[in-house]
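Below is one structure. I have some questions about it.
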Amino acid sequence: MERLTEVCHALLRRLDRAVFARRAPQALIRTPTAPLIRFTLERSGRWTVVEADGQRQTDFADIEDAVDYARLSCKAAPATLRLDIDGLVVVTTQDAGWTRPLIGGKT
C-alpha cells in the first residue's frame, strides 16, 4: 500500500509540472487596462450605460443605441465593455476606433 501511495504522489507531481508548463502566457491572462464601460439590461427592457468615469446614462431603447452612445462619448478610444443581460455577463474589448463588430445592425 505504501508503494502505491508513492507512485500516486509521483504521478500527481508529474501531472502538476505538465499542467504548469502549459499554462497560458502572461500576456493572455493580464487584467485589461482599458477603461471599463458597463451596459446593463434593466427590468424595464431599457439599457443603461455606465461610462468609465461613473456617469450613468439610462433609457436606451436597444443595445445598438447604447453602444453607439458609448463609442461617441469615449471618442472611440480603446475600452473594455461589460454587458450584463439578466445575470449573463459578457466582457470584451474594443481597440481604437471600435473596429470589432459587437452586434448586427438594425433592420
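The values are calculated or read from the model by the stated rules, or taken from the named source; none is laboratory data. If you're wondering where the values come from, they're calculated on a predicted model, not measured in any experiment. Here the Cβ is made from the backbone with ideal geometry for all residues, glycine too, and neighbour counts use every protein chain on show.
Is it fair to say LEU11 is modelled with pLDDT under 90 and either over 15 Å from the mean Cα position of the chain (by Cα) or surrounded by fewer than 10 Cβ atoms within 10 Å (Cβ to Cβ) (or both)?
yes
Just the residues that are in contact with a Gly (Cβ under 8 Å, 6 or more places away or on another chain) and without any contact (Cβ under 8 Å) to a residue 12 or more places away in the chain, please, taken from the range 56-107.
Result: no residue meets the conditions.
Would you kindly identify the strands (runs of 3 or more DSSP E) lying entirely within the range 28-78 that contain at least 2 residues that are surrounded by fewer than 15 Cβ atoms within 10 Å (Cβ to Cβ)?
56-60
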